[in-house]
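Written below as structure tokens is the structure these notes are about.
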Amino acid sequence: MAIQSSPNLDGLTATLARAFLTGYEEGGGETELIHLNELDVRTCIACDDGWGQCRQGDCILEDDFEEIRGKIGGADAFVFATPVYWGDLSESAKAFLDRLRRCETWSGRGTCKGRKAVGIASAGGSGGGAARALLNLEGYLRRVGFDVFDLVPVTKFSKDHKLPMLEDAGRRLAAD
Ligand SMILES: Cc1cc2nc3c(=O)[nH]c(=O)nc-3n(C[C@H](O)[C@H](O)[C@H](O)COP(=O)(O)O)c2cc1C
């Protein structure tokens, strides 16, 4: 499954996530693309004096977070694609990944443990900050236990050679 965290449903970020999924389907897999900004995922309220009741398992906020978390747990491979905003992840990406990090760190649930993940940072022409955004994304992915398969920075100038590369990555992971 793939999550893309741009408000632009047909922009570069979504296109890159779709490229991976196209390859994955060609490799015989089933896919789903989640547009994070279409869903209700609130920011963490740091309940329980900051320690979080999610240590017991579920997040107490009633929104779409737990459903997405459950889908990650049912997926063989995971892609997270974010636009680069100010050299960092998008706001919706940070909101979701902050909560995933909290809920997975102490709950012992292991939703992401050992699953292959690909991180994608979709930047503007300059590409400034894409590497930093990916570094931050890598931190989230590794913290929750993903096995990071690749981290891919893309700009409008590099997309023509990165798109086929992502399709190939999808095919390879589907065959795994
Ligand atoms: C608020 C904002 C901040 C941005 N900051 C950066 C940046 O730091 N570095 C960069 O290369 N591009 C930056 N961009 C450009 C986007 O990363 C780029 O257009 C991206 O491909 C958008 O993805 P989308 O087509 O999925 O919307 C920024 C765009 C916006 C809207």
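Within the group ASP48, ASP88, ASP63, ASP58, which residue is charged (D, E, K, R), within 9 Å of the ligand (Cβ to nearest atom) and either at pLDDT 95 or above or more than 18 Å from the chain's Cα centre (by Cα) (or both)?
Details: ASP48 fails: within 9 Å of the ligand (Cβ to nearest atom); ASP63 fails: within 9 Å of the ligand (Cβ to nearest atom); ASP58 fails: within 9 Å of the ligand (Cβ to nearest atom).
Unique residue meeting the criteria: ASP88.
Could you please let me know if ARG42 is charged (D, E, K, R) and in a helix (DSSP H, G or I)?
So ARG42 fails the test.
Can you confirm whether THR82 is over 13 Å from the mean Cα position of the chain (by Cα) and β-branched (Val, Ile, Thr)?
Here the answer is no, as THR82 does not meet what is asked.
Is it the case that the range 6-16 has a residue that's away from the ligand (no atom under 13 Å from the Cβ), crowded, with 20+ Cβ neighbours inside 10 Å and assigned to a helix (DSSP H, G or I)?
Taking the range 6-16 first, the residues away from the ligand (no atom under 13 Å from the Cβ) are none.
Looking through the range 6-16, none of the residues is away from the ligand (no atom under 13 Å from the Cβ), crowded, with 20+ Cβ neighbours inside 10 Å and assigned to a helix (DSSP H, G or I).
So how many residues does the range 144-176 have that are surrounded by 15 or more Cβ atoms within 10 Å (Cβ to Cβ) and either assigned to a helix (DSSP H, G or I) or on the phi > 0 side of the Ramachandran plot (or both)?
Count: 14.
Looking at GLY27 and the list (1) more than 16 Å from the ligand (Cβ to nearest atom); (2) within 17 Å of the chain's Cα centre (by Cα); (3) surrounded by 13 or more Cβ atoms within 10 Å (Cβ to Cβ), which single condition is not satisfied?
Result: GLY27 passes all but (2).
Give the range 100-133 a look and list any residue that's buried (at least 20 other Cβ atoms within 10 Å of the Cβ), within 16 Å of the ligand (Cβ to nearest atom) and either among the small types (Gly, Ala, Ser) or modelled with pLDDT under 95 (or both), or say none.
Within the range 100-133, GLY119, ALA121, SER122, ALA123, ALA130, ALA133 meet the criteria.
Taking the options GLY119, GLY127, name whichever one is touching a residue at least 24 places away in the same chain (Cβ under 8 Å), assigned to a loop (DSSP other than H, G, I, E, B) and not aliphatic (A, V, I, L, M).
From the options GLY119, GLY127, the qualifying one is GLY127.
Inside the range 134-159, can you point out the residues that are within 14 Å of the ligand (Cβ to nearest atom) and touching a Leu at 6+ places or on another chain (Cβ under 7 Å)?
Within the range 134-159, LEU134, ASN136, LEU137, VAL152, PRO153, VAL154, LYS156, LYS159 qualify.
Looking at (1) of a type in the set (A, V, I, L, M, F, W, C); (2) within 26 Å of GLU62 (Cα to Cα); (3) part of a helix (DSSP H, G or I), can you tell me which one LEU135 breaks?
For LEU135, the exception is condition (2).
The values are calculated or read from the model by the stated rules, or taken from the named source; none is laboratory data. From a predicted model like this one, the values you see are computed outputs, not experimental measurements. No Cβ is skipped: glycine too gets one built from the backbone with ideal geometry, and neighbour counts run over all protein chains shown.
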